[in-house]
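Below: one structure, written as structure tokens.
The values are calculated or read from the model by the stated rules, or taken from the named source; none is laboratory data. Given the structure is predicted, the values throughout are model-derived calculations rather than measurements. Counting neighbours? That spans all protein chains shown, and the Cβs are built from the backbone with ideal geometry, glycine included.
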Amino acid sequence: MGCGPFHENVRKEKPQIEKESEVDVLTQVEREHEIILFNDDVNTFDHVINTLVAYCDHTSEQAEQCAYIVHYTGKCGVKTGSYDELKPICVNLLEAQLSAEIH
């Protein structure tokens, strides 16, 4: 008793597994952090947008989308990178009176 025609179509070769290059692995490790911006009842949309444009290299459209996401959901990831890259950006956001954390 066999598996019928399906059995005949099964590949007998081992699947090929691609190895990630060291550069890919290092990039993933370095990019594991994210600045999360939290909603508050203090800052205006314009202030949030201008601050994201100034410190996170967002376009006006990206910053506006993030501001709306923060407003309606309570938080939004606004920048990813290594901890060392994100720390000064997060400090700037905090100094601008935004509520942000590195995760």
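Brief remarks follow.
- For F38, the criteria (1) of a type in the set (A, V, I, L, M, F, W, C); (2) surrounded by fewer than 13 Cβ atoms within 10 Å (Cβ to Cβ); (3) out of contact with any Leu (no Cβ under 9 Å at 6 or more places or on another chain) hold in every case but one, which is (3).
- From V53, V78, V25, residue being within 18 Å of the chain's Cα centre (by Cα) and at pLDDT below 95: V25
- Residue in the range 70-85 that is without any contact (Cβ under 8 Å) to a residue 40 or more places away in the chain, surrounded by 14 or more Cβ atoms within 10 Å (Cβ to Cβ) and among the hydrophobic types (A, V, I, L, M, F, W, C) present: yes
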